[in-house]
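Asker: Sharing a structure below in structure tokens format, with a few things to ask.
The values are calculated or read from the model by the stated rules, or taken from the named source; none is laboratory data. As the structure is a prediction and not an experimental result, all values here were calculated from the model. Note that we place each Cβ from the backbone using ideal geometry, even for glycine, and neighbour counts take in every protein chain shown.
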Amino acid sequence: MIEFRLPSLGADMDEGMLVAWLVSPGDTVRRGQVVAEVESDKGIIEVECWEDGVVEDLLVTPGPTRLPVGFPLARLRTLDEGTAEEDTPSGPAAAARPEALVAAAPVWPGDEQTIVRHRGPSGPPRVTPPVRHLAHQLGVDLDHVLATGDDGVVRRADIIAARSQAEAGRPRATPMARRVARERGIDLDSILPVRNDGIITSAELTAPAAGVRAAPPPKSRPVGHEVPPVVVKSPPAPQEAPATDKMAAMRAAIARSMARSKREIPHYYLATHVDLGRAMQWLEDENGGRPITRRLLPAVLLLKATALALREVPELNGHWSDDAHHPSADIHLGVAVSLRGGGLVAPAIHHADRLDLDELMEALRDLVGRARTWRIRSSEMSDPTITVTNLGDRGVETTFPVIIPPQVAIVGFGKIADQAVVVDGMIGVHPVVHASLAADHRVTDGHRGGLFLDALVQLLQEPQNL
Amino acid sequence: MSDKEHRQHLLARMLRIRRFEERCAELYQAEKIRGFLHLYIGEEAVAVGALESLTPDDAVVATYREHGHALARGLDPGSIMAEMYGKVEGCSRGRGGSMHLFDAAKRFYGGNAIVGGGLPLGVGLALADRMRGVQRVTAVFFGEGAVAEGEFHEALNLATLWHLPVLFCCENNGYAMGTALYRSESETHLTLKAAAYGMPAWSVDGMDVEAVEAAAHSAATAVRGGGGPHFLEFETYRFRAHSMFDPELYRDKAEVATWKLRDPLVTYRKKLSDEGHLDEAEWQAMEKEVKAEVDEAVSFAEAGTWEAVEDLTRFVHTEAVTG
Amino acid sequence: MTILENAVATTTISYRDAMREAIRDAMLRDDRVFLMGEDVGSYGGCYAVSKGLLEEFGPERVRDTPLSESAFVGAGIGAALGGMRPIVEVMTVNFSLLALDQIVNTAALYLHMSGGQFNVPLVVRMATGAGRQLGAQHSHSLEGWYAHVPGLKVAVPATVEDARWMLATALEDPDPVIIFEHAGLYNTRGEIPAGAGPVDLQRARVRRSGTDISVITHGGSLPKVLAAADALHEEGISAEVLDLRVLRPLDTDAILASVRRTHRVVVVDEGWRSGGISSEVIARIVEGGLWELDAPVARVCTEEVPIPYARHMEEAALPQIPRIVRAAHEVLGA
Amino acid sequence: MTSDDAKRIILDVLSEIAPEVDPATVDHSVDLTEQLDLDSMDYLSWMLGIHEATGIDIPQRDVSLFLTIEGAAAFLTAHAA
């Protein structure tokens, strides 16, 4: 039997996340074949297997959990081995079969991912005397300890983890970790500690993913206090992601937020064309008389129209919490800002409906500038009541955005492009944008969503009134 | 002030303490006054006689049995009674109680409830006067029990060593709580102890207000004149128990009765009467006046107010003067 | 020489000299100030702090006392009440136990018992701490005891600058201030910035900024903690060092602010841990910063044993740099 | 202002907007927004930066010149005092 373990793909790599399996149980793999995709701090890397064999078991399912280098990912039969059944002597199958035990912990909340911990071939656990002594001291039954050491050796941390899991079913976590978990809706049961003493710290909650680290890092760990930005859509994969803590924290937040959204929120989607003929003409005229310092972007019109349309369908503006919708009296437009180098944040422009176009332009410029230099204020991150995404004027025509919990709607705009438009029976070429709405079906129905888009269309026909 | 007037004044001062203390006992039993209450009855001649010899500029450091000193020093009886009630109008705002009467205006430095604790303090006050070149006396009162404390010896030594203007006034009432002097001291002649530190020391009949006054006056004059510390032992007796809760197992009723024959108030009244300095009408008037004073003090205390609990943490550090 | 003089923007001075300069300066500026204590005059001070002051100010203002801690501390209280500004030197904290009555029952209480009438503007200085093989009776660190008592202020200058300037602030204070000078600090040297002046007696100070862990300490442990922080830095651990400076009032805000920055705490105190100032610091953290704590709090205190004489045993009893580093590791979960 | 001066300013400002871009690799004749993935805010910020660096206003009618480095440089050399 061959164990396929997480390889170290560089001298500075000590952990990685399994992104995808490219093989399934039963598949035959050849030496040098790419079998999995692993994300490291450097990005996603294809991982080859350096043995010939048949995939017997995939021990880890893809997900955001950080795995230590050397962590067993799969087991392969050598080509001259039979199946597991054939391979094992007769007798109580359970006793003889290599076990794959499901660990209680390392599942990101609500995520379907399951980490499977491996214990070596059956038989008495392999334990050094000091670790055995520790197990005795802590009252941990070695038969129920999941070994993470090489060749199934039970490590000190395994004992401690087992004890911590056994304790009244309540994870041992620092007060700060509990606070962060509460604030972010993370279930501590789903977190594996990285400390030797089994205590969960905030690092495991704010770092890119929950830890199954074999050994705690000896040095300072990132303690991400910034409320991680929320993501609107998958950003382009960074070519060379700066391995900053902030970036990692952002990715983690994106993962959590979007997974939660897709898990919990029943989205419905609506889209419509918006003729921007008048709006763009008005803008051209307006900008023509302005110096460059006071020039307006089309995005400002779209934002303002969105904010005003929300006044007509206010139930799209607010938060869903405690199983109920809480509409917001204030309109704080979250504006998705893509960061060069990857990632997106969606901080709020407060009271966007009350700002005139110049104020809105200034707010937008300020926000984008600060977002790209990581100087977003926490309130801006936490209190958008709805988000507007893809202010991009390049790229796609139509967006299908994902709602950022606990918001209940998101408005997307594609690029503004000239299209043939029929007006009063005449075909003309006008700038057109596709406006789309993703909304929470628990809160609104398509009819109300349609009214909103309709209002948006109407508002953009009278740009001078925005 | 004529001799007669002065003698009546001394008698009235003692009477005021006596009646005040009797009322305190009554009010204690009525639960108006709580905590420890140490009455001065029987010892009035000491405070009255000794403090008569001081000027308003002089300082007084007293003990936890200090109602008499406070009254004799001229603290307002109402503010003393209010203090015992725990009212904010009390001389220590109700923060001190019976054992901690203070009055800055009268240079009355307490009310120290640690036996012997006031002696170094008095030495320090005198040191300040000495260093500042001010001619005044610090009178420190303490019981004979304090003589067993190290602070007594340290303070007397320091006072003589530095030649400080302290008048040490030892009120020897024979018992440190319930421990008779002879049971705690190897040498019961207290003046010898003081003399050992090189300061003039006399023993005085503390039941005779005129003897007390004369001795104190003489000593205070010497101290004020730069004669260094002086020590006076006043032999006296408390007629009541040590404090309100004391079955007095340690002394015979006969002993108390014997001392009561020397009651400073009774004997002095008789003396004045015998010598034609007090007639019955004057006595009655004095009683009436003192009763009125005490009544007024009680009324004042009764009418007093409780300090706001919000002020609890005040007077831990000096407050900035505002306005 | 001229070049040198012009170049010096700061003064390098020993802790001892800084303290002497502070006393001298105070006596020059205010004739109510005088120094009193055992061997402060002819001997020049047990730790030579007051050396030369007798010659300069004379025996009235540099006043040798008998070995009567209670009497001369009490006399200091009385003198303070009488309008003077005494600096009472109790040779060491060990002997201050003989004056405990005066400090706790009189100095700390008079203002309160008198309903605000009698404040006691007294400064008591005393040496504290162990580390010089002086045995159990000369090695106490009891500043935490005094910090227990409302009415007192307890200052623990750990730097030369604080040694130089805390006294002036203490003398300005209308209430009793006790200054604890760790005897191990007297020979330390440091710089006093030109233009330095009186310092506050209220706030703790960050002596080194850090992000991973807060090491909170005071007095004689500060140099050890700074050295430990250097060692941690070598390992890539960024330790913030908070010097409490004043144990009463305790600067809770500064403590909590540091905890909010690092979320991890080690408290280093040469006192014993049971009921010590370290307990108080941690209690404040738990009261006000529980949800900021991202690891159990650790303490490095003196072992619960009287200080032994033998050098290796004494060293083992006291907080040392490796123990501080180890405690930081434990808090960091490493 | 020579064309080289103008280009230097243009590229300096550009590197503030898109610090990850190596100026040496920028094609001076290709649409910048596509070449460098600039969105409208980046683009506007870039022009604002050039304005701040040179003091030259960029009228709306000339914005299209700024789609390329060449165009922008031409505009600047023409309008420099």
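Asker: B:Arg183 versus (1) charged (D, E, K, R); (2) within 12 Å of chain C (Cβ to nearest Cβ); (3) free of Cβ contacts under 8 Å to residues at least 12 places away in the same chain: which is the lone unmet condition?
Answerer: Here B:Arg183 clears every test but (2).
Asker: Would you say B:Leu54 is in contact (Cβ under 8 Å) with a residue 60 or more places away in the chain and either in a strand (DSSP E or B) or surrounded by fewer than 24 Cβ atoms within 10 Å (Cβ to Cβ) (or both)? Before the answer, list the steps.
Answerer: Details: in contact (Cβ under 8 Å) with a residue 60 or more places away in the chain: yes; either in a strand (DSSP E or B) or surrounded by fewer than 24 Cβ atoms within 10 Å (Cβ to Cβ) (or both): yes.
The answer is yes for B:Leu54.
Asker: Any idea which residue in region B:113-136 is surrounded by the fewest Cβ atoms within 10 Å (Cβ to Cβ), counting only those that are more than 7 Å from chain C (Cβ to nearest Cβ) and in a loop (DSSP other than H, G, I, E, B)?
Answerer: The extreme case among them is B:Gly133.
Asker: Considering only region B:59-75, how many residues are within 14 Å of chain C (Cβ to nearest Cβ) and assigned to a loop (DSSP other than H, G, I, E, B)?
Answerer: Qualifying residue count, region B:59-75: 4.
Asker: Let me ask another. Pick out, from region C:171-288, the strands (runs of 3 or more DSSP E) lying fully within it that include 3 or more residues that are surrounded by fewer than 16 Cβ atoms within 10 Å (Cβ to Cβ). Before you say what the answer is, go through the steps one by one.
Answerer: Numbers: elements: C:177-182, C:189-193, C:205-208, C:213-217, C:239-243, C:246-248, C:265-272.
By residue number, C:189-193.
Asker: I would also like to ask the following. Can you tell me which residue among B:Leu232, B:Leu265, B:Leu278 is touching a Phe, Trp or Tyr at 6+ places or on another chain (Cβ under 8 Å), buried (at least 19 other Cβ atoms within 10 Å of the Cβ) and away from chain C (no Cβ under 14 Å)? Before the answer, list the steps.
Answerer: Values: B:Leu265 fails: touching a Phe, Trp or Tyr at 6+ places or on another chain (Cβ under 8 Å); B:Leu278 fails: touching a Phe, Trp or Tyr at 6+ places or on another chain (Cβ under 8 Å).
Of the residues listed, the single one that is touching a Phe, Trp or Tyr at 6+ places or on another chain (Cβ under 8 Å), buried (at least 19 other Cβ atoms within 10 Å of the Cβ) and away from chain C (no Cβ under 14 Å) is B:Leu232.
Asker: Further, regarding this structure: Among the strands (runs of 3 or more DSSP E) lying completely within region C:22-107, list those that include at least 3 residues that are more than 13 Å from chain B (Cβ to nearest Cβ) and either within 19 Å of the chain's Cα centre (by Cα) or in contact (Cβ under 8 Å) with a residue 12 or more places away in the chain (or both).
Answerer: Details: elements: C:33-37, C:62-64, C:85-92.
Here the list reads C:85-92.
Asker: Could you tell me whether region A:14-28 includes any residue that is at pLDDT 80 or above and among the charged types (D, E, K, R)?
Answerer: Yes, that holds for at least one residue.
Asker: For the list (1) at the interface with another protein chain (Cβ under 7 Å from one of its Cβ atoms); (2) under 20 Å from B:Phe315 (Cβ atoms); (3) surrounded by fewer than 23 Cβ atoms within 10 Å (Cβ to Cβ), I need the number of the one condition that C:Val149 fails.
Answerer: That leaves (1) as the condition not met.
Asker: Sticking with this one: So which of D:Leu44, D:Leu48, D:Leu36, D:Leu14 ends up being among the aliphatic types (A, V, I, L, M) and more than 10 Å from every other protein chain (Cβ to nearest Cβ)?
Answerer: Details: D:Leu44 fails: more than 10 Å from every other protein chain (Cβ to nearest Cβ); D:Leu48 fails: more than 10 Å from every other protein chain (Cβ to nearest Cβ); D:Leu36 fails: more than 10 Å from every other protein chain (Cβ to nearest Cβ).
Criteria check complete, one pass: D:Leu14.
Asker: Just one of (1) surrounded by fewer than 23 Cβ atoms within 10 Å (Cβ to Cβ); (2) at the interface with chain C (Cβ under 9 Å from one of its Cβ atoms); (3) in a loop (DSSP other than H, G, I, E, B) trips up B:His153, so point out which.
Answerer: Among (1) surrounded by fewer than 23 Cβ atoms within 10 Å (Cβ to Cβ); (2) at the interface with chain C (Cβ under 9 Å from one of its Cβ atoms); (3) in a loop (DSSP other than H, G, I, E, B), B:His153 violates only (3).
Quick grid of which residues meet (1) modelled with pLDDT under 75; (2) within 11 Å of chain D (Cβ to nearest Cβ); (3) in a helix (DSSP H, G or I):
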residue	(1), (2), (3)
A:Gly341	yes, yes, no
A:Asp358	no, no, yes
A:Glu362	no, no, yes
A:Ala371	no, yes, yes
A:Ile376	yes, no, no
A:Ser379	yes, no, yes
A:Val388	no, no, no
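Asker: Only one of these is within 20 Å of C:Ala127 (Cα to Cα) and of a type outside the set (Asp, Glu): C:Gly271, C:Gly275, C:Gly289. Name it.
Answerer: Details: C:Gly275 fails: within 20 Å of C:Ala127 (Cα to Cα); C:Gly289 fails: within 20 Å of C:Ala127 (Cα to Cα).
None of the others qualify; the one that does is C:Gly271.
Asker: Kindly indicate which of C:Arg164, C:Arg125 is crowded, with 24+ Cβ neighbours inside 10 Å, in contact with a helix residue (DSSP H, G or I) (Cβ under 6 Å, 6 or more places away or on another chain), under 28 Å from C:Thr10 (Cβ atoms) and not polar (S, T, N, Q). Give the steps one after another, and end with the answer.
Answerer: Values: C:Arg125 fails: in contact with a helix residue (DSSP H, G or I) (Cβ under 6 Å, 6 or more places away or on another chain).
So the residue among C:Arg164, C:Arg125 that is crowded, with 24+ Cβ neighbours inside 10 Å, in contact with a helix residue (DSSP H, G or I) (Cβ under 6 Å, 6 or more places away or on another chain), under 28 Å from C:Thr10 (Cβ atoms) and not polar (S, T, N, Q) is C:Arg164.
Asker: Kindly evaluate A:Ala299 against the criterion of being part of a helix (DSSP H, G or I), crowded, with 19+ Cβ neighbours inside 10 Å and either within 9 Å of chain D (Cβ to nearest Cβ) or in contact with an Asp or Glu (Cβ under 6 Å, 6 or more places away or on another chain) (or both).
Answerer: On the way: part of a helix (DSSP H, G or I): yes; crowded, with 19+ Cβ neighbours inside 10 Å: yes; either within 9 Å of chain D (Cβ to nearest Cβ) or in contact with an Asp or Glu (Cβ under 6 Å, 6 or more places away or on another chain) (or both): yes.
Yes.
Asker: If you scan region B:206-227, which residues turn out to be buried (at least 19 other Cβ atoms within 10 Å of the Cβ), among the small types (Gly, Ala, Ser) and not in a helix (DSSP H, G or I)?
Answerer: Answer for region B:206-227, where residues must be buried (at least 19 other Cβ atoms within 10 Å of the Cβ), among the small types (Gly, Ala, Ser) and not in a helix (DSSP H, G or I): just B:Gly206.
Asker: Let me ask something additional. For residues that are more than 10 Å from every other protein chain (Cβ to nearest Cβ) and surrounded by 24 or more Cβ atoms within 10 Å (Cβ to Cβ), tally how many sit in region B:86-109.
Answerer: Looking only at that region, the number is 1.
Asker: Looking for whichever is of a type in the set (Ser, Thr, Tyr), touching a Ser or Thr at 6+ places or on another chain (Cβ under 7 Å) and not in a helix (DSSP H, G or I) here; the options are B:Ser203, B:Ser186. Which one fits? Quick ask: steps written out before the conclusion?
Answerer: Working: B:Ser186 fails: touching a Ser or Thr at 6+ places or on another chain (Cβ under 7 Å).
Selected residue: B:Ser203, the only one of B:Ser203, B:Ser186 that is of a type in the set (Ser, Thr, Tyr), touching a Ser or Thr at 6+ places or on another chain (Cβ under 7 Å) and not in a helix (DSSP H, G or I).
Asker: Another question about this same structure. Consider B:Met81 carefully, then state whether it is more than 10 Å from the chain's Cα centre (by Cα) and under 30 Å from B:Tyr268 (Cα atoms). Before you say what the answer is, go through the steps one by one.
Answerer: Numbers: more than 10 Å from the chain's Cα centre (by Cα): yes; under 30 Å from B:Tyr268 (Cα atoms): yes.
Yes.
Asker: Something else now. So which residues in region B:74-85 are surrounded by fewer than 23 Cβ atoms within 10 Å (Cβ to Cβ) and of a type in the set (D, E, K, R)?
Answerer: Of everything in region B:74-85, just one residue is surrounded by fewer than 23 Cβ atoms within 10 Å (Cβ to Cβ) and of a type in the set (D, E, K, R), namely B:Asp76.
Asker: Within the set of pairs 6 or more residues apart or between chains, which connect a residue that is of a type in the set (S, T, N, Q) inside region B:196-211 to a residue that is crowded, with 17+ Cβ neighbours inside 10 Å with Cβ atoms less than 6 Å apart?
Answerer: B:Ser203/B:Thr191; B:Ser203/B:Glu233
Asker: Within region C:86-105, which residues are surrounded by 23 or more Cβ atoms within 10 Å (Cβ to Cβ) and either closer than 15 Å to C:Ser68 by Cβ or not β-branched (Val, Ile, Thr) (or both)?
Answerer: Once the filter is applied, which keeps residues that are surrounded by 23 or more Cβ atoms within 10 Å (Cβ to Cβ) and either closer than 15 Å to C:Ser68 by Cβ or not β-branched (Val, Ile, Thr) (or both), region C:86-105 yields C:Pro86, C:Val88, C:Glu89, C:Val90, C:Ser96, C:Ala99, C:Gln102, C:Ile103.
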